[in-house]
Amino acid sequence: MAVSELAGLFQGDLPMGSPMVTGDPLLDGPLLWAPLIVVAIKVLVIFVLGLVGTMFMVWFERKVVAGMQNRVGPNKAGPFGILQTLADGIKLFFKEDLLPDRADRFVFRLAPFLAFVPAFLVWSVIPLGGDYSGGRDGIVTILGQQTRVQLADPPIGILLVLAMSSIAVYGIMLAGWSSGSKYPLLGSVRASAQMISYEAALGLSLAAVLVTSGTLSTSGIVASQTTLGSWNLVTTGFIPFIVFLIAATAELNRPPFDLVEAEQELVGGFNTEYSSLRFALFFLAEFMNTITMSAIVVTLFLGGPRPPAIGNTALTIPLIPGALEGTIWFVLKLLVFLYFYVWLRATLPRLRYDQLMNLGWKVLIPISLGWFLLLAAIRVGDSNGWNVIAVVVIALVSLGLGYLLFTAALRVSSRQRDREGAMY
Amino acid sequence: MTTSITGAMLLAADGINIAMNVGFGIIAAIMVFAALSVVTTRNVVHGALWLVVVLGGVAAQYLLAGAEFVAISQVLVYIGAVMVLFLFGIMLTRAKIGADTDLNNSSWGLGIPVALLMLGVLVWAVIDAFGDTVITDRGPTPTVEISDAFLGPYLLPFLAISFVLLAAAVGAIVIARKD
């Protein structure tokens, strides 16, 4: 497998074919000052870039939406209004920090951080760049230390992303509850129902990627996508990518899935009672999550910071050192998805609640589960040397039978509900 | 849970990673405090949040023991799914802010012998399984080894646990159905 060969290049003591050991070469051996300083620099850079990137995202969204709606958008603060977010931030800092009388004080103060911190933590496992020229597998040298351009590379990598997105639910849920008022509570109950529902589809389409890449580590997933043809977008057959994109949009509570803060119905959703700095934290978390999710999509399906390559010839940007090239490709791919999310916001009307739940439970989860099982069957057949066509045909037939049973069950249940005279 | 007790036994042995044991002690103290708070707090949501702290402490102990995959599964399953559903249920039914007076029912005393029994079973299980063996510091356990273990020799217990979950799901549907 290409992955273990590449890993072998850098860990010469490992015999070929041994279980793949990914991980940051920085932390091999005794812990000295230089690795510690490198880690500290990485933390600082990710923190600053995260905040600046979020500010940029807010400006980008406002500007692009404005363009799509034939308006000018922010244009006063700084060139092209790029400092508008900074100005808004300063304004929010100086606003009065209200604490509702009936609020649960401690939880009310805690909730914004529960929303904000997970959004940051996910960045620690995303490969942000690296040197992929000359078979270097994304390893760069900083201060004489060989390392990857990502804060941490744990073997459980991508599971951390899922865990953090499930912790982010707490922020929204507790914010709504602790406000001690009706609309925020309704908003947060909607939000948690939505996020729990779509997490399943998200996890299943992610599992499809894990089955094809054969590793949980984010750097391993990137390493398995060497050429355009081996991008997980292609090898998993597009369906998991589409399901993941839709489920991610729902996880982010972005339009068309923004029932959580449907202004017309809920005043403002879970954050109605928040003001000043605490509101700013929710606001930042929302936009940072958009960037984070796009980064995850890029890592999982589009080869992360790896330059697009066909066969052995990779696309290179002239005059740029290889170590920076990875970051440029990563940002370019990221921008595609950021634009895509803004585009969705400007185009699509909000879903109704029943449409949201039908899409999540009756369409996305069955599709992603079925596709995952198909990929798993192909993978098992591959390692056992079975005939690929026979495996696919048998898998499709049994999946089709399962689908028929599923629709039959749905029909029976809806008939029963009609007979009972239920309203939904 | 078994990991924490193994850790306690390691504390008594010689030539042991001191930093790890100090970490274990601190996290264990926080967990005990949080566990007591779960049952003494006067607000249901606060109780659930203290339970999140306890479960997070378990995950931290797993991390300390080098079981990264188990730790992240603990966060995903217990903190990310089970506790969210707890809170969700509480919010839908009795999302009251402030103190509740009727949180203890009359049979709370029964909990003490049950808790002691559970403790006894766990202690017995750990002593029976490990005895005097000193567990060497092996570093993080690779995920591949864990998956090979539970989809290989431990497949049957794994499936049994899945059936418990299935039973719980069916039970939830039965309770939720109005007929």
Item checked: Mean residue ellipticity (222 nm) of the protein assembly as shown, computed from DSSP H runs ≥ 4 via -39,500 (n - 2.57), nearest 500 -> -21500 deg cm²/dmol
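Determine, for each peptide in B:55-66, A:395-406, the mean count of other beta carbons within 10 angstrom over its residues, then list the peptides with the highest first.
Details: B:55-66: 20.2, A:395-406: 12.8.
Put in order of decreasing packing, that is B:55-66, A:395-406.
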Next item on the list: Over both sides of the B-A contact, add up the buried accessible area with a 1.4 Å probe and give it to the nearest 100 Å².
Entry: 2300
Next item on the list: List the DSSP H helices in chain B whose Cα atoms stretch 18 Å or more along the helix axis and whose mean Kyte-Doolittle hydropathy is at least -1.0.
Entry: B:18-40, B:44-64, B:111-130, B:155-176
Next item on the list: Please list, in chain and number order, the residues 5+ apart from A:Leu98 or on another chain whose amide H is under 5 Å from its amide H, with Hs placed from the backbone.
Entry: A:Ser275
Notebook entry, point to check: Which value in nm describes the separation of the simple spin-label points at B:Val82 and A:Gln416, placed 7 Å from the Cα toward the beta carbon?
Noted result: 2.9
Checklist line | Scaled radius of gyration (Cα, divided by 2.2 N^0.38 Å) that chain B gives | finding: 1.20
Next item on the list: Using every Cα-Cα pair within the stretch A:3-383, state what percent have a distance larger than 39 Å.
Entry: 19
Next item on the list: Would you mind giving the mean number of other chain beta-carbons within 10 Å of the Cβ of each residue in A:147-160, as a whole number?
Entry: 3
Next item on the list: Could I have the simple spin-label model distance between A:Val397 and A:Leu335, label points 7 Å from Cα toward Cβ, reported in nm to one decimal?
Entry: 5.1
Notebook entry, point to check: Where in chain A are the DSSP H helices whose alpha-carbon span along the long axis reaches 20 Å or more and whose Kyte-Doolittle mean is at least -0.5?
Noted result: A:33-68, A:105-121, A:157-178, A:182-213, A:276-301, A:322-347, A:365-384, A:388-420
Margin query: Can you compute the modelled spin-label distance between B:Phe130 and B:Ile30, with each label point 7 Å from Cα toward Cβ, in nm?
Written below: 2.1
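The values are calculated or read from the model by the stated rules, or taken from the named source; none is laboratory data. Remember, it's a predicted structure, so these values are computed and weren't measured experimentally. Positions of Cβ are backbone-derived with ideal geometry, glycine not excepted, and every protein chain shown enters the neighbour counts. We work out accessible area using only protein heavy atoms, side chains counted, and drop any ligands, DNA or RNA first. Shrake-Rupley method; radii C 1.70, N 1.55, O 1.52, S 1.80 Å.
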